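Here's the structure we're looking at; comments come further down.
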Amino acid sequence: LPELLTIDAKPYAYSFPPKKTALLIIDMQRDFLLPTGFGEIQGGDLKMVQESIAPTKKLLEACRAVGLTIFHTREGHTPDLSDMPSSKVERQPALPGNTQHSFVIGDKATMGRLLTRGEYGHDIIDELAPYPGEVVIDKPGKGSFWNTAIMHKLKSHGITHLLVSGVTTECCFATSIREANDRGFECCGIEEATAGYNAEFKSSSLDMIHWSQGLFGFVANLQPLIDAFE
Ligand code: TIU
């Protein structure tokens, strides 16, 4: 590959050095994508998020084929839940009359304890299972940088640019791009390879990223990226 690649993007073309670029795949976990998981319990539309699986697989395979550094994240907690931010502890019990949050983080559900490390539901879906040598970041927050070693691991790999995908667009994907942008990483979200729990959340979240000369990043389609790798 050339030292620098450039692809069509919003708000303008995105240039990135492949050797210093990582693919960051956010939280493609069974708990967010499959029935009976945490996302469905929260009230998410699973059909919407599942649409991101095939494009993300295509993106992952293309990035692996050209030797990009791959980072995966998983949202979840240690079994004693001692790493839960207080906001998550306090806001998770069901409110009177609210059918959502009937189960909360750490409760035992069909795929094991919800968003708890080591449980079946916490792990990444089979289609996108990390290869040996790919970095897996376990994060207790919505963003990938709070209370994790991701900054150090990106630095140790010499990464300056991030191609970002995963779920959900409005929550952990957007929070991670905001955190990365503030730390000087040039981020580009890949539209087909992210999804939200409803369509308006996704489109608004992507619009905010690239609004006004790239408020905190770029957004590109998948095909121009695949073409640039060929
Ligand atoms: N609920 C929701 O939209 N998302 C999360 O709780 N986590 C992620 O986005 N991964």
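Just so it is clear, none of the values below were taken in a lab; they were calculated from the coordinates. Keep in mind that this is a model prediction, so the values were computed, not measured. Using ideal geometry, Cβ is built from the backbone for each residue, glycine included, and neighbour counts are taken over all protein chains shown.
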In whole Hz, what ³J(HN,Hα) sequence does the stretch 29-36 give by Karplus (6.51, -1.76, 1.60; θ = phi - 60°), x for Gly and Pro? 9, 4, 4, 9, 10, 10, x, 6
Pull out a ≥ b ≥ c, the square roots of the eigenvalues of the alpha-carbon gyration tensor of the stretch 33-170, then state rounded if a/c is under 1.5, prolate if not and a/b is larger than b/c, and oblate in the remaining case. prolate
Classify the stretch 156-230: rounded, prolate or oblate, from the alpha-carbon gyration tensor (a ≥ b ≥ c, eigenvalue square roots; a/c under 1.5 rounded; otherwise prolate if a/b is larger than b/c)? oblate
Based on DSSP H runs of at least 4 residues, each adding -39500 (n - 2.57), what is the mean residue ellipticity at 222 nm of the chain after dividing by all its residues, to the nearest 500 deg cm²/dmol? -8500 deg cm²/dmol
Return the whole-Å distance between the Cα centroid of the stretch 1-49 and the Cα centroid of the stretch 171-230. 8
Largest-first semi-axes in Å of the equivalent ellipsoid built from the Cα gyration tensor of the chain are 29, 18, 16
Non-local amide H neighbours of Cys187 (under 5 Å, H modeled in plane, Pro and chain starts lacking H): which ones? Leu162, Phe218
Partners for Lys57 among lysines (Cα-Cα distance below 30 Å; same-chain residues under 8 apart left out): Lys10, Lys19, Lys20, Lys47, Lys108, Lys139, Lys142, Lys153, Lys155, Lys202
Between beta-carbons, use under 12 Å as the cut-off and find the net charge around Glu179, counting Lys and Arg +1, Asp and Glu -1. +3
Starting at the first residue of the stretch 60-72, write each ³J(HN,Hα) from the Karplus equation 6.51 cos²θ - 1.76 cosθ + 1.60 with θ = phi - 60°, in whole Hz, x for Gly and Pro. 4, 5, 5, 5, 4, 5, 9, x, 5, 6, 10, 10, 10
For the stretch 46-58, in order, what is each residue's ³J(HN,Hα) by Karplus, 6.51 cos²θ - 1.76 cosθ + 1.60 with θ = phi - 60°, in whole Hz (x at glycine and Pro)? 5, 4, 4, 6, 5, 4, 7, 5, 4, x, 5, 5, 4
